[in-house]
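The values are calculated or read from the model by the stated rules, or taken from the named source; none is laboratory data. Since this is a predicted model, take the numbers as computed values, not measurements. Here Cβ is always computed from backbone atoms with ideal geometry, including for glycine, and neighbour counts include all displayed protein chains.
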Amino acid sequence: MNSSALSYSRLSSLEHGNFVGGRARLLPLLGDVTGSGIWLSFLCLLLTASAVRSLRVPMGGLLVHPYLFFLVPLLFLVGPPRITGFPRRALTGLIAFEFFYILSIAMGRLSVDEILKIGAAGTTIVSTALLVRTKADFRAAVLALSIATTILSIYNIISGGEMFGIGGEVDATKVIANKNAFSLYVLPALLLALNLLLDRTAPKTLRIILAACTLIMTVAIFSSGNRSGWLCAVCIGIMMYGRGRRVRSVIVMSVIVLSVDYVVVHYTDETVLERRVSQTVAGYSGDTVRIDIVAKSFAIGVEHPLLGVSPSELPLELARRLPSEGVVMRSLGIMKMVDSHNVILHIIGGSGLIAFGLFVYLGWLLWKRPRFFSPYRDELVGRIRGHTLLRMMMILWLVRGMFTREVLYSPSFCIGLGLCVGLCIIEGCWRRPTLTSL
């Protein structure tokens, strides 16, 4: 066998699932889930441990997510042979954005925590995308992510379901700091699970399991008093209705909506829902403050267009400009911080307009519909659906990011985005057309 044939054989082996000496089919029940797909599913299950503060690993005063200790080595093992499959411009845009983001931190109030969080977010997206090698890998990861977030949802309902009148908010010293953080964990899994639930090519048993997980996650989201979580759940439902366009899909979505409505009406405290709705319609002090934060954050970005005031310094700067929210008293060692509550404003005010421009450029590269070339209808449909799912995840990310900057570092959203990019890669969305495909 000549060298070119040997190289092709190795490449084919990598593409079809061999992973560090593993076999393409590890177990008969798993179908064509590869070794990297098994690792990816394991990482998704570890998301449950990330939500438990006592299970995070303390390092230098930081609490590190457990899945990162497995993800980083896997990136070096899987990345080199498959990195060419990642859209080159998007990868360049991601690296450039993170470079300017970290540079703004270094030039301002240095925060190692902030640097590690943004670095871990980018690493998670790229590594997750590269670990997806087959559709079975993608499905196994979605199932694992759904199981992990379903466990968190059950705990949230039992321990902190505000509308169930059980315990208000979850104890911050145990699991998930608050209801806002809870929705950050669950929403990406809900979108991916619903998408796979409506996929007619997915195994029936898998869809039954995902249907149960979807119902529990949805009930958990609406059992909390998190209005932004409700909005995102409704947004997911609208996108799924638009994706389905089939009688079966509409029936499935309708059953889920009616089931959730029945649980909320008959087993929850409706006064919580009524109070949240009236606050949204009439407005209250928190909404007024957020309007002021929008104006101040944008003004800070305009005044410091190159590198902003540093993401770690932005809360202090907002506190100085919003005296009603508290005065920064350095002489007494008291520093009042005001969060931007918006990922876009956080980037503009914290990192400047250059980083924001790179962020927009990265989003446009992923959003732009590639030119699909395929003589086979199934391949063409798969590419369109894969890229549509990526667009839906980006919409969900943006809607949720309008209410919190933490979406930028959320492990669940990073894994969700990585899974969508990985699905697009294996579907050939960014593959250059060949003569045989034209």
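Answer yes or no: is there a residue in segment 67-85 that is within 17 Å of I425 (Cα to Cα), at pLDDT below 85 and hydroxyl-bearing (S, T, Y).
Among the residues of segment 67-85, at least one is within 17 Å of I425 (Cα to Cα), at pLDDT below 85 and hydroxyl-bearing (S, T, Y), which makes the answer yes.
Within segment 404-421, does at least one residue satisfy the condition of being over 30 Å from L197 (Cβ atoms), surrounded by fewer than 24 Cβ atoms within 10 Å (Cβ to Cβ) and of a type outside the set (D, E)? Talk me through it step by step, then tell me what you get.
Here is the first cut: in segment 404-421, the ones over 30 Å from L197 (Cβ atoms) are 405.
Next, only the ones that are surrounded by fewer than 24 Cβ atoms within 10 Å (Cβ to Cβ) stay: 405.
Within this subset, residues satisfying the condition of being of a type outside the set (D, E) are 405.
The answer is yes, given that some residue of segment 404-421 is over 30 Å from L197 (Cβ atoms), surrounded by fewer than 24 Cβ atoms within 10 Å (Cβ to Cβ) and of a type outside the set (D, E).
Given the criteria outside any helix (DSSP H, G or I) and modelled with pLDDT under 80, does V309 qualify?
So V309 fails the test.
Give the residue, chosen from R133, R139, that is buried (at least 20 other Cβ atoms within 10 Å of the Cβ), in contact (Cβ under 8 Å) with a residue 24 or more places away in the chain and not in a helix (DSSP H, G or I).
Of R133, R139, the one residue that is buried (at least 20 other Cβ atoms within 10 Å of the Cβ), in contact (Cβ under 8 Å) with a residue 24 or more places away in the chain and not in a helix (DSSP H, G or I) is R133.
Assuming M337 fulfils every condition listed in (1) assigned to a helix (DSSP H, G or I); (2) surrounded by fewer than 22 Cβ atoms within 10 Å (Cβ to Cβ) apart from one, which condition is it?
Of (1) assigned to a helix (DSSP H, G or I); (2) surrounded by fewer than 22 Cβ atoms within 10 Å (Cβ to Cβ), only one is false for M337: (1).
Out of the residues in segment 109-118 that are part of a helix (DSSP H, G or I) and touching a helix residue (DSSP H, G or I) at 6+ places or on another chain (Cβ under 7 Å), state the one that is surrounded by the fewest Cβ atoms within 10 Å (Cβ to Cβ).
I115
Considering only residues of segment 382-403 that are of a type in the set (K, R) and crowded, with 20+ Cβ neighbours inside 10 Å, which is modelled with the highest pLDDT?
Across segment 382-403, the extreme among qualifying residues is R400.
Quick check on this structure: which one of V407, V421 is in a helix (DSSP H, G or I), modelled with pLDDT under 95 and under 14 Å from the mean Cα position of the chain (by Cα)?
Working: V421 fails: modelled with pLDDT under 95.
One residue alone meets the criteria, V407.
Among the listed residues A96, A106, which satisfies the condition of being under 29 Å from S351 (Cα atoms), surrounded by fewer than 19 Cβ atoms within 10 Å (Cβ to Cβ) and modelled with pLDDT of 95 or more?
A96
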